[in-house]
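The values are calculated or read from the model by the stated rules, or taken from the named source; none is laboratory data. All values reported here derive from a predicted model rather than from experimental measurement. For neighbour counting, all protein chains shown are included, and Cβ atoms are generated from backbone atoms with ideal geometry for every residue, glycine included.
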Amino acid sequence: MAGGGELDSISHLTIGSTLAGLLTGIPEISNHHEFMLPIMVSCIVGSLAPDLDVITRLKPELYLRYHRGASHSIYLFPLWSLLVTGLLSVCWINTPFLLLWLSVSAGYLFHIALDLLNSYGTQIAYPFRTDRKGYHVLPLFDPVLWSAHAVYALIWLYQGLETGFPFTLLYAGSVAYIGIRFYYRTRIKKQLESTHSSSQVLIFPTFSLFNWSIVLVRHDAVQAGVWHYGNIIWQSPINLGSAGDHYIKCSEQTDAVKILKNFSPYLAVQKITHPDGIKIRWLDLRYLERANYCLMACVFIDQYYTVRRSYIGWFKPEAE
């Protein structure tokens, strides 16, 4: 997961480039070749602008609290798009402001839409709602979408950024591919819900269309697995702590757990006994890597219910 942010930015940059090509079908752009560079830059900047909050990566707790928050809000989008367009218009005073705004807005909205389709999600309704919405259809970096858009962008660049390039086919194919992913996820979820009716069924995407992460959540345990070409490979279940346990309730008062609970609605909690006290682990069920949940909040509590330390971040359990 460490490189996920960088790969995600590469995806948005590439799609911003092809989006500029799609906009060349507008006569106001295709008839004025001098607008091509500012339109392309505007699309790319618009596609990357929502992730300017990546500066919060300097501290994991800030990143989890604020990334994909206000900058990804559909209600604040008009403000951000006008601000970015205003800055770009200083560089291209001869390009109509409306065309620059259209390019920035297209890139910005595509960015938000793509982020909504993966499990990380966005605070799409901020500031009216702070919960994250995600449709769990695309991985953080989708190699199929990125490859298709990268090939189109390179061919278009090689041909001299000519107008009339068939970008509509690329975007129609992209929509179809996303639709197929929706279909697979829905079919797998229905199949599992029919055979595991007593469990909550969670389905999360991987790089491959034919591999999906599965989690069954029961009141006392969670069990992860992988749907692989129609076959399911299960891992050993993880026993959970009781929601009414005083140690678990005590852990919920820490900033680490509060941040993670605000970040993810898909959590499971473990209670582990140590010689010097109790360790409570809150696991984000969306991020399973080599049989380990790699995003968690950990709280150490002594026998007097005093919190000794707590932390949150991306790591492997054996590295704690």
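Going through 192, 145 one at a time, which residue ends up being buried (at least 17 other Cβ atoms within 10 Å of the Cβ), assigned by TED's automatic domain parsing to the domain that holds residue 232 and in a helix (DSSP H, G or I)?
192
Evaluate the following for residue 289: is it surrounded by 14 or more Cβ atoms within 10 Å (Cβ to Cβ), among the charged types (D, E, K, R) and under 26 Å from residue 123 (Cα atoms)?
It is false that residue 289 is surrounded by 14 or more Cβ atoms within 10 Å (Cβ to Cβ), among the charged types (D, E, K, R) and under 26 Å from residue 123 (Cα atoms).
Kindly indicate whether any position in segment 279-296 is under 21 Å from residue 312 (Cβ atoms), β-branched (Val, Ile, Thr) and modelled with pLDDT of 90 or more.
yes
Looking at (1) free of Cβ contacts under 8 Å to residues at least 40 places away in the same chain; (2) of a type in the set (Val, Ile, Thr); (3) outside any strand (DSSP E or B), which is the one condition that is false for residue 226?
Exception for residue 226: condition (3).
Kindly evaluate residue 64 against the criterion of being outside the structural domain of residue 294 (by TED's automatic domain parsing) and crowded, with 21+ Cβ neighbours inside 10 Å.
yes
If you check residue 75 against the conditions, is it of a type outside the set (D, E, K, R), assigned by TED's automatic domain parsing to the domain that holds residue 9 and not in a helix (DSSP H, G or I)?
Yes: the conditions hold for residue 75.
May I ask you to verify whether residue 155 is over 10 Å from the mean Cα position of the chain (by Cα), crowded, with 18+ Cβ neighbours inside 10 Å and not assigned by TED's automatic domain parsing to the domain that holds residue 202?
So residue 155 does not fit the description; no.
Identify all residues within segment 108-125 that are free of Cβ contacts under 8 Å to residues at least 24 places away in the same chain and surrounded by fewer than 20 Cβ atoms within 10 Å (Cβ to Cβ); write none if there are none.
Within segment 108-125, 113 is the sole residue that qualifies.
Test of understanding: among 105, 11, which residue is assigned to a helix (DSSP H, G or I), touching a residue at least 12 places away in the same chain (Cβ under 8 Å) and under 19 Å from the mean Cα position of the chain (by Cα)?
Only one candidate qualifies: 11.
Among the residues of segment 20-38, are any under 30 Å from residue 127 (Cβ atoms) and assigned to a helix (DSSP H, G or I)?
no
Being assigned to a loop (DSSP other than H, G, I, E, B) and in contact (Cβ under 8 Å) with a residue 60 or more places away in the chain is true for just one of 165, 128. Which residue is that?
165
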